[in-house]
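The values are calculated or read from the model by the stated rules, or taken from the named source; none is laboratory data. These figures come from a predicted structure and were not determined experimentally. Neighbour counts run over all protein chains shown; Cβ positions are idealised from the backbone, glycine included. We work out accessible area using only protein heavy atoms, side chains counted, and drop any ligands, DNA or RNA first. Shrake-Rupley method; radii C 1.70, N 1.55, O 1.52, S 1.80 Å.
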Amino acid sequence: MKLNGAQIVCESLLQEGVNVIFGFPGGKVIGLYDTIAKYPALQFVLVRHEQGAAHAADGYARATDKVGVCMATSGPGATNLVTGIANAYMDSVPMVAFTGQVPRADIGKDAFQEIDITGITLPITKHNYLVREASSLAETIKEAFYIAKTGRPGPVLIDIPQDVFVEQTEFHYPARVNLPGYKPTTEGHPSQIKKAAKLISEAERPVVVAGRGIHIAKAHEELKNLAEAAQLPVVTTLLGVSAFPQSHVLSYGMGGMHGMGYANKAVDAADLVIAIGMRFDDRFTGKVSSFAPHAKVIHIDIDPAEIGKNIRVDVPIVGDVKKVLKALQKVLEPKQHVAWLNQLDEWRHTYPCEVRECASVLPQYVMCELCNVTKGDALIVTGVGQHQMWAAQHYIYNKADTFISSGGLGTMGFGLPAAMGVKVGRPDETVWCIDGDGSFQMTLHELATIVQEKLNLKIAIMNNGYLGMVRQWQDLFFGKRYVATPLTGPDFVKIAEAYGMNGIRVTRPEDVRPAIERAMAHDGPFLVDFIVEPEENVYPMVPPGASIAEFLVAPKKEALTWSRRSTP
Amino acid sequence: MVATQHTLVALVQDKPGVLNRVASIFRRRGFNIDSIAVGHSELPNISRMTIVVNGTSTMVEQARKQLAKAINVVKVVDITEENITARELALVKVKATSDTRSDILEIADIFRANIVDVSMESLTIETTGDEDKVESMIKLLQGFGVMEIARAGKIAMVRGPLGPMPVAKARNEFRKKAD
Ligand SMILES: Cc1ncc(C[n+]2csc(CCOP(=O)(O)OP(=O)(O)O)c2C)c(N)n1
Ligand SMILES: [Mg+2]
């Protein structure tokens with residue numbers, strides 16, 4: 001069957017089970033979009049800025065088992081994707097990005113809207129392609145999807161010259177890929193697994209550190225079984241939040257820079273760290289030289305390059321986390337760690353995760369109420385900043401893989417478009433975008449997309465009038481000089497209305513819950529602008545350069561009582 | 001830990017941009033590549049790169065793992081610790097007068113180098129050998145006035161029939177693909 005390049009793209013996408021494309025048009029892809037319209041099985045979501053397309057594809061991929069797909073035209077369309085691609089790369093999100101390119105004959109001539117996007121994205125993609133003839137399109141797309149979703153997932157970019165879309169060629173979708181340089185190891189080495197089991201059986205103060213790899217491998221059940229079998233306390237990274245049910249007795253919350261005091265104490269005092277699907281990011285380890293000083297380290301990860309990159313490892317196991325945990329479970333001896341767990345519970349008591357009573361709206365309190373109203377069942381998508389940390393700390397995640405956030409790149413503006421992608425992928429679930437007033441303003445134009453697509457998405461803005469996380473650093477480390485951090489935001493409720501959706505403003509604590517309930521009851525997108533305590537800081541905090549055991553705790557303010565946290 | 005010189009050998013798919021990909025991995029990690037030599041290997045559509053970099057063993061190992069991850073890189077090995085044959089090629093153009101010509105020829109002779117071009121004012125000498133040999137010859141010629149030096153990067157191979165290269169498995173796969 002002879003097809004043109006554009007048809008081959010569409011047919012190949014169908015072969016890969018794609019049904020949603022997030023994108024934006026332009027000269028080099030008009031022909032492709034014209035063809036997409038003839039494929040009703042391919043839903044096209046028109047974003048308002050290409051960055052939004054990449055973040056939406058990212059959110060979509062994290063929330064489903066699928067590869068996210070985004071599409072942009074050449075030149076500025078392609079460069080606008082860059083932040084979103086980098087974000088997906090840092091957080092190991094499977095994505096295929098398509099960009100149009102100038103016709104082959106014009107490449108290298110600085111033609112109108114020509115940009116070397118494969119060159120630009122070289123260090124932020126798992127792989128990328130410039131397609132040189134229609135006859136290699138099908139094979140390229142097959143490879144791209146395979147690379148994006150296997151091994152350690154990541155974004156792949158395919159740059160297609162305009163004239164390739166109209167070139168006719170025989171279409172045949174390959175059944176398998178031929179990539180001699182790409183063979184991810186999925187089975188953990190049995191002798192390494194035995195060594196790990198031995199270390200676990202010998203350990204007196206073990207702690208599991210679970211990362212996003214648990215979500216990627218869908219290893220939640222295996223993690224729980226392992227933890228229960230050997231009575232292992234579980235701490236997570238930021239992106240590992242919701243890898244382990246937080247109400248579980250063995251859950252000791254998130255560790256790292258804004259992690260729970262008891263989580264960081266646990267890692268610091270451990271004699272064995274069992275790191276699973278995480279990469280010892282500096283935001284988790286704090287000062288590397290004093291990280292877990294008494295511990296041996298077992299590191300389980302699919303990416304061999306992560307082993308020993310930041311932290312010395314005693315037992316590396318390269319493989320798919322789910323498979324490795326299953327195998328490990330089989331050779332593991334049941335164990336108790338009563339004294340150790342008692343110690344951890346004592347720390348839990350000493351450094352509780354609490355919210356104080358306050359006359360104004362505290363963002364932490366909003367998180368608790370969001371958790372209470374949604375029964376801890378919502379998919380939470382965040383921007384980047386203080387609100388992100390509060391969302392990670394104070395919402396109680398008991399359902400697997402329900403916290404979606406930009407970890408590695410820390411991309412302000414991720415929240416709204418990513419939440420949009422999440423909602424497209426999981427239309428039947430409650431999706432809350434928890435955003436900061438700064439982050440929200442970076443991509444708020446996507447409200448138009450949300451309204452156009454009739455996405456029933458809920459948005460909570462923690463409006464503190466500041467680029468709060470930066471202000472917090474200025475407060476603590478720059479003599480309270482608030483340079484370039486105070487924000488005069490627009491009226492977000494009016495913004496919502498201008499875009500054709502509903503919204504309300506909340507200024508008093510007693511209005512928090514009713515507002516959330518109203519948002520939930522509303523059939524359609526809804527925005528709540530929470531005017532929160534402007535100079536609230538996120539605690540605990542491990543100051544930059546300090547060991548994770550040296551975290552700062554919230555200074556207790558006088559005449560304020562502390563209340564318990566949320567209970568889903 | 002101290003930085004030392006490492007020699008890496010990589011088999012890479014012969015695809016556009018592959019040299020750029022490899023170089024980019026080193027650039028990103030702050031390595032200065034001392035030399036890189038690329039050419040066809042014994043396998044169809046597979047090029048062989050010899051890369052010489054300076055770095056601590058952990059840094060080089062990290063870069064090697066990142067290289068191994070690149071989709072177009074079929075195999076990459078650090079052969080620094082192996083028993084290897086390593087060769088460099090250099091062309092050296094030296095000022096030569098009737099007074100100095102015979103001295104220069106003598107030096108070339110000692111190093112078993114070839115004279116590849118002669119003019120009234122210059123001699124061009126071609127030499128092959130390990131880095132030390134090339135360096136010492138250049139050093140000796142310096143006194144006569146070196147006008148130009150062109151050096152090809154180091155190429156290297158592990159001695160004996162067995163070694164980390166070539167990759168039997170990759171070879172088979174490529175045979176299959178070529179069929
Ligand atoms: C695109 C981008 N630019 C700058 C930063 C640096 N940065 C990190 S947090 C932050 C402030 C975020 O402000 P806001 O969204 O209002 O959240 P808040 O901290 O106030 O909750 C900034 C500027 C970033 N992470 N991303
Ligand atoms: Mg703010």
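Results, tabulated for the structure shown:
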item: With at most 15 neighbouring Cβ atoms within 10 Å, loop GluC sites (Glu not before Pro) (DSSP) excluded, longest segment of chain B; result: B:122-179
item: Segment A:His189-A:Leu46, length gained on full extension (0.36 nm per residue, minus Cα span); result: 46.9 nm
item: For the protein assembly as shown, size of Cβ-based charge dipole, Lys and Arg +1, Asp and Glu -1, in debye; result: 1200 debye
item: In chain B, lysine pairs with alpha-carbon atoms under 23 angstrom apart (chain gap of 8 or more, or interchain); result: 25
item: 15 Å beta-carbon shell around B:Arg151, net charge (K/R +1, D/E -1); result: -3
item: Length gained when the stretch A:Glu133-A:Leu476 is fully extended (0.36 nm per residue, less Cα-Cα span); result: 117.8 nm
item: Solvent-accessible area, 1.4 Å probe, carbon plus sulfur percent, for the protein assembly as shown; result: 53 percent
item: Under 5 Å, built H, 5+ apart or other chain: amide partners of B:Ser35; result: B:Val52
item: Loop sites in region B:1-83: trypsin sites (Lys or Arg not before Pro), DSSP, at most 15 other Cβ within 10 Å; result: B:Arg29
item: At R0 = 56 Å, FRET efficiency that the Cβ-Cβ distance of A:Lys375 and A:Arg104 yields, to 0.05; result: 0.50
item: Angle in degrees between helix A:338-350 and the longest Cα principal axis of chain A, rounded to the nearest 10; result: 90 degrees
item: Virtual spin-label span in nm between A:Val553 and A:Ala175, 7 Å along Cα→Cβ; result: 6.4 nm
item: Cut-off 13 Å between beta-carbons: net charge of the residues surrounding B:Leu91, Lys and Arg +1, Asp and Glu -1; result: -2
item: Region A:194-270-region B:104-136 distance, computed between alpha-carbon centres (Å); result: 65 Å
item: Helix A:468-477 axis, angle to chain A major axis (alpha carbon atoms, nearest 10°); result: 50 degrees
item: Minimum 50 Å² accessible area buried by the other protein chains, region B:12-30 residues, probe 1.4 Å, relative to alone; result: B:Arg21
item: Shielding of B:64-71 by partner chains, average beta-carbon count, 10 Å; result: 5
item: The protein assembly as shown, accessible area per residue, ligands and nucleic acids excluded (1.4 Å, Å²); result: 41 Å²
item: Where a label projected 7 Å from the Cα of A:Glu221 along Cα→Cβ would reach, residues of region A:285-323 with amide N under 17 Å; result: A:321-323
item: Helix axis angle, B:101-110 relative to chain B longest principal axis, alpha carbon, degrees; result: 40 degrees
item: Ranked packing of A:56-62, A:126-132, most packed first, by mean Cβ within 10 Å; result: A:56-62, A:126-132
item: In order through region A:253-264: 3J(HN,Hα) via Karplus (6.51 cos²θ - 1.76 cosθ + 1.60), integer Hz, x for Gly, Pro; result: x, 8, x, x, 3, 10, x, 5, x, 5, 5, 5
item: Average partner coverage of A:2-8, which counts Cβ from other chains inside 10 Å; result: 0
item: Distance in nm between pseudo-label sites at B:Val2 and A:Asp491 (7 Å out along the Cβ direction from Cα); result: 7.1 nm
item: Amide H within-cut-off set for A:Asp320, under 5 Å, with H built and near neighbours excluded; result: A:Thr186, A:Glu187, A:Gly188
